[in-house]
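Each remark here refers to the structure printed beneath this line.
Each value in this text was obtained by applying a stated rule to the coordinates, not by laboratory testing. None of these values were measured; they are calculated from a predicted model. Methodologically, a virtual Cβ is constructed for each residue, glycine included, from the backbone with ideal geometry; neighbour enumeration extends over all protein chains shown.
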Amino acid sequence: MIRSSLARTPLAAAMALTVAFAGLATSPGASAQPPEVLPSAAATASDNAKAAKLDALYEQYWEEMLEMNPLAATFQGDPRYNDRLPNFLSEAFRQKSHDFTLRWLKTIEDVGSDGLRGQDLLSYQIFVRDARMELEGERFPGWQQPINQFYNLASMAVQLGSGTGAQPFRTVEDYDDWVERASQLPELFDQAIANMKTGVENGVVQPRALMEKVVPQLDALIKDKPEDTLFWGPVRNFPEDFSDTDRQRLTEAYRSLIANQLMPAYRKLRAYIVDEYMPHTRASAGMDALPGGDAWYAYRVRASTTTDLSPARIHQIGLDEVARIHGEIRKVMAEVGFEGSLQDFFRFMQTDPRFSFESEDALLAYYRGLEDKINHKVPELFSLTPKAPFEIRPVEPFRAQSAAGGSYMRPSEDGSRPGIFYVNTYDLPTRKTWDAEDLFLHEAIPGHHFQLALQQELTGLPKFRRFGGETAFSEGWGLYAESLGKDLGVYTDPYNHFGYLQNELWRAIRLVVDTGLHSKGWTREQVIDYMLENSAESETQATAEAERYMAIPGQALAYKIGELKIKELRARAEKALGDGFDVRAFHAEVLKDGSVPLDVLEAKIDRWIAAQGD
């Protein structure tokens, strides 16, 4: 799972950084495959001029988008707007975003795609489809549900203001920037309340189970003394070169900000949720219970998977994959001589003490030890690797209870922040040794860190492609990376191989339960029961995952759908090329153009296969 990314249109960028703070921005569904890409030397001078014009327009578009969305700039590592925080939940901002997207779509389409080839054609197609998808999505009232347990303004603000996130705290100007930005948070909180009130009037409300998790999250952040809040972190950790005068001034400024603006805003939000919103929350779990929910979910499915697959078809794919992977797990049971049912084996894997970590430090050390082991084998599978480093950090305590087992934050463009693999150490007995190798491959090497850091290094691409992305591609690559474990020197223990199968099973189960929740009327409890019956996940993890799918419908479908497509394309290449197949070249071809929609990836690999035979 990816914790930060930049959407390509103003409203999408703003909302992606709040209601989808940790997730990659979604992109449109499938479109026609691009025509054959010819060598750039065949392009005419006129075509080259058109491509250059589009590149200049993309650059102008990106600069305007960052100015409209200063949070997007911050996450990119661009400090120019670190003091700004527009009210992106307001109707005025939504209209501004609509006008912006419509204007830029017309600007790019007026130039047209005739004569474009290679990356120029891909950039045009992706830009146009994303803008159209953004405009289509405006009819759905997601803005009326601005708060849930997985992503919310309160958590976003403290991650920025604690001194450990994307907001920098290295200079006096950085500290002043945060005071200015944070002073605009109460207006956003008030807007969130107003939007939720509109949602109550229209029946567009969150499930009660989700909002019950929000309240303790807020309670953990609300403190009587500014010094006891996470917002005090930058004051506690002033850089050594700050003068006494600056330290004193900033200390008082932060104390006033926290006591007089931030904490009152947090208390007001909590009071509204508990006293007014909670009684109107719904007992149902899925989007199909909302007005227009079936169409809304179908849109989310297309956006997440970049396919035209229906929820019903995805549900069946999930059932088929669950059955197949159960068969593979039974082979592991035979290998280790386990006697009993599949469910007995799942319980054994969850409860046997040999699979537990003794401490948080032991867990983190185990993950850090995997880096050298896997890096030793990387050259056998990859010729294309990123320059950016990455770090392993534990998930912050205030969000650990609701966070996934692991997540990745891409490095900043300027190199000041590495890629970060966040490991969740909450409820330590549920974090199993057999889960570690697989999770590392997905989140770090060669999964998200390889794909996202490489994409960011593609300086020749328009920035909307370098810093945006397709969830199905990125998460599909992450899951595909898990399948490379044996070639990378891990999964040598059958129990760790089970860990891979269990996590593959988990992604297949997502196809079943996400579509079950949002298109078949499944309850939260029905989803949790299905996960416990069909996998080795703990009740803690199953509950957190079920509520995640309730909070961000459709996103979880991207993993397995993307992985199945990459595996399909690799099998196609191996069959077509035989002994001439080079896995290093295949991986380079998949990764070298950054994140693309799945139909674009398929066309690209087909062209690559054809070129290998020339």
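Between the range 420-480 and the range 46-81, the C-alpha centres lie 25 angstrom from each other. Among the lysines, which have Cα under 16 Å from the Cα of LYS50 when same-chain residues fewer than 8 positions away are ignored? List returned: LYS106. Stretching the chain fully between GLU136 and SER46 yields a gain of 29.1 nm (0.36 nm per residue, less the alpha carbon separation).
When both bridge partners sit in the chain, DSSP labels roughly 40% of those beta bridges antiparallel. Summing charges over neighbours of PRO553, with a neighbour being any other residue whose Cβ is under 9 Å away from its Cβ, gives 0 when K and R count +1 and D and E count -1. In the chain, excluding the sites themselves, the longest stretch lacking any of the GluC sites (Glu not before Pro) that are in a DSSP loop with at most 13 other Cβ atoms within 10 Å is 359-614.
For the range 232-279, a crude dipole built from +1 on the beta carbon of Lys and Arg and -1 on the beta carbon of Asp and Glu, taken about the Cα centre, is about 200 debye to the nearest 20. Here the Karplus curve 6.51 cos²θ - 1.76 cosθ + 1.60, taken at θ = phi - 60°, turns the phi angles of the range 364-370 into couplings of 5, 5, 4, 5, 5, x, 6 Hz, with x standing for Gly and Pro. Using a Förster distance of 56 Å, how high is the FRET efficiency between GLU358 and ARG607, based on the Cβ-Cβ distance and rounded to 0.05? The pair GLU358/ARG607 has a calculated efficiency of 0.60. Which net charge results for the neighbourhood of LEU89, defined as the other residues with beta-carbon distances under 12 angstrom from its beta-carbon, given Lys and Arg at +1 and Asp and Glu at -1? Neighbourhood net charge equals -2.
All other residues whose Cβ lies under 13 angstrom from that of TYR530 are scored, Lys and Arg at +1 and Asp and Glu at -1, for a net of -4.
With unit charges on the beta carbons (Lys and Arg positive, Asp and Glu negative) and the dipole taken about the Cα centre of the range 528-614, which residue among ALA573, TYR549, GLN612 sits farthest to the positive side? Positive-end residue among those listed: GLN612. Note on ASP294 and VAL215: the model spin-label points, each 7 Å out from Cα along the C-beta direction, lie 3.5 nm apart.
By its C-alpha gyration tensor, with a ≥ b ≥ c as the square roots of the eigenvalues, how is the range 387-505 shaped: rounded for a/c under 1.5, else prolate for a/b larger than b/c, else oblate?
Cα axes put the range 387-505 in the oblate bin.
A Förster distance of 22 Å, applied to the separation of the beta-carbon atoms of THR245 and ARG170, puts the FRET efficiency at 0.75. Overall shape: prolate for the range 561-612, with the ratio a/c of the largest to smallest alpha carbon gyration tensor axis at 1.5 or above and a/b above b/c. Evaluated with a Cβ-only charge set (Lys, Arg +1; Asp, Glu -1), the chain carries a dipole of roughly 660 debye about its Cα centre, given to the nearest 20.
Kindly state, to the nearest 0.05, the FRET efficiency for ASP308 paired with LYS53, given R0 = 22 Å and r defined as their beta-carbon distance.
0.10
Straight Cα distances below 22 angstrom link LYS377 to the lysines LYS387, LYS486, LYS567, LYS592, with same-chain residues fewer than 8 positions distant left out. Remark: the Cα gyration tensor places the chain in the rounded category, a/c being less than 1.5. If only the Cβ of Lys and Arg carry +1 and only the Cβ of Asp and Glu carry -1, the dipole of the range 561-612 around its Cα centre is close to 40 debye.
Note on PHE169, PHE88: ascending count of other Cβ atoms within 10 Å places them as PHE169, PHE88, the fewest first.
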